[in-house]
Every structure is written in structure tokens, then in C-alpha cells.
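Before any comments, here is the structure.
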Amino acid sequence: MGEIKLFQICYEGELTVDVSNAMRRLGGEPNFDQSWQVWLPESRHAAPLVRWMRAQIADDSRLVIARTQFSTSRDFLLIRHSLTIGADYSELHSAIERLGIIVELPLESTFVVRSDDATDVQTLGRALGELCPDESLMVTGISHDWAFCTSGTSRMHVAGAAGEHILLRSF
């Protein structure tokens, strides 16, 4: 029997029956505000999952899918907070910026950060959680295998980009 990978799916948009049915077909388990964990065979990758999900969501919705990486030598951090109306997230966002290079994504409450900080995600989550006005925060280590879509356009991270440059390719 082959290995399996854990993927994290973060969705920003109207939670419709189509989205719920797509998550059910993937075997998604809810683990945060409009976020799911999905165990899939090791042959699966984030970009084809985004391509499939893109057909299941509204054009104005936004989606990030990333393979979870459990070690402290992770490639990126995936950070997500809830959106409480009237809450001030500026202190949290400033702390996230200090962690490393934030990938420019068209998302409101989901961040992908390239960070050299090897602190375990539970400790980072507790520290960042103290700055989160609604104490609703998710911090996960992810690998280089991640992709996102917004407004019907999909992009994937291309591994191997050196230095501060993070290469994203449309598909």
C-alpha cells in the first residue's frame, strides 16, 4: 500500500452546497473556519487539486491548497485567521510580516510565509494567537507543493526559486 499525504485546503468565499459536496468527495475533514484537511495518495499534488476545485467554486472565491509538512525544516508557513467584523488584525499582520517573506496572495485571512524560523508551529501559533483579536488562528507548516486560485485564475509555487524571489506559475 502506498504512502499518503495530508493537504490543507483554505477557502475564502460563500460556503455553498457545491463546495461542501466537493469537500465530501475529497474526504475533507473540517479543521478551521472554512478550512479542511484531506488525506490523499502520495501521487497527488496541489495544482491538480486546485484545478479540480476551481470548477466547484464561484469565480469570486479564493482557495489555497498546500501539502502539510510536519517537520520544523518546513518550506513555508500557512497562517489563517477568522474575519471578525470590526476586529483589528494589524498587530497580528505586523507579527506575520516579521516571520519572513510573505507571498503576495489575493486573500484576506490566509498567508503563506517563507520563514527561516524553525520554531514548532504550536509555539508559533500560541505566540501569534496572543495578537489575534478573536483568538481564532491556524498555523501549519507546508511544503513547496502549494497552489491557489482566485477569480478563475490558478497559480502554483515553483520549487527551487532561490533567495527572496518566490516563483509562481499560472496554470
Point to revise | Residue-span extension gain [ASP116 to ALA95] - 0.36 nm each, minus C-alpha spacing | key: 6.1 nm
Exercise for review: Grab the other residues whose beta carbon is less than 13 angstrom from that of ALA22, score K and R as +1, D and E as -1, and report the net.
Suggested key: +3
Exercise for review: Express in Å², to the nearest 10, the accessible area of PHE171 obtained by rolling a 1.4 Å probe over the protein heavy atoms while all chains stay in place.
Suggested key: 50
Review point. For GLU29 and ILE4 in one chain, what is 0.36 nm times their gap in residues minus the Cα-Cα distance, to one decimal in nm?
Key: 7.5 nm
Exercise for review: Show that you can apply the helix-only estimate: for the chain, add -39,500 (n - 2.57) for every DSSP H stretch of four or more residues, divide by all residues, and state [θ] at 222 nm to the nearest 500.
Suggested key: -6500 deg cm²/dmol
Review point. With each label point set 7 Å from Cα along the Cα-Cβ vector, what nm distance links GLU104 and LEU40?
Key: 2.8
Check your understanding: For the stretch 1-152, with only Lys/Arg (+1) and Asp/Glu (-1) charged at the beta-carbon, what is the dipole magnitude about the Cα centre, in debye rounded to 20?
Key -> 640
Revision key, fill the gap. Projected onto the charge dipole of the chain (unit charges on the beta-carbon of Lys, Arg, Asp and Glu, signs +1, +1, -1, -1), the Cα from LEU105, VAL139, ASN21 with the largest positive-side position is that of ASN21
**Study point:** Along the chain, longest interval not containing exposed GluC sites (Glu not before Pro), exposed being DSSP loop plus at most 15 other Cβ atoms within 10 Å
**Key:** 43-103
Revision key, fill the gap. Rounded to one decimal in nm, the spacing of the 7 Å Cα→Cβ label points at SER71 and ARG51 is 2.9
Review point. What list of ³J(HN,Hα) values in whole Hz, one per residue of the stretch 37-54 in order, does the Karplus curve 6.51 cos²θ - 1.76 cosθ + 1.60 (θ = phi - 60°) give from phi, with Gly and Pro shown as x?
Key: 10, 9, 8, 9, x, 4, 6, 7, 9, 5, 4, x, 5, 4, 4, 5, 5, 4
Review point. How about the stretch 48-101: which chymotrypsin sites (Phe, Trp or Tyr not before Pro) there are in a DSSP loop, with at most 16 other Cβ atoms within 10 Å of their Cβ?
Key: PHE70
Review point. On the accessible surface of the stretch 31-171, probed at 1.4 Å, how many percent belong to carbon and sulfur atoms?
Key: 48
Exercise for review: Give me Rg over Rh for the stretch 33-82, both radii from the alpha carbons and Rh done the Kirkwood way, two decimal places.
Suggested key: 0.97
Practice item. Calculate one ³J(HN,Hα) per residue across the stretch 26-32 by plugging θ = phi - 60° into the Karplus curve 6.51 cos²θ - 1.76 cosθ + 1.60, and present them in order as whole Hz with x for glycine and proline. Key: 7, x, x, 10, x, 9, 6
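The values are calculated or read from the model by the stated rules, or taken from the named source; none is laboratory data. If you're wondering where the values come from, they're calculated on a predicted model, not measured in any experiment. Using ideal geometry, Cβ is built from the backbone for each residue, glycine included, and neighbour counts are taken over all protein chains shown. What goes into the accessible areas is simple: the full protein's heavy atoms, side chains included, and nothing from ligands, DNA or RNA. Shrake-Rupley method; radii C 1.70, N 1.55, O 1.52, S 1.80 Å.
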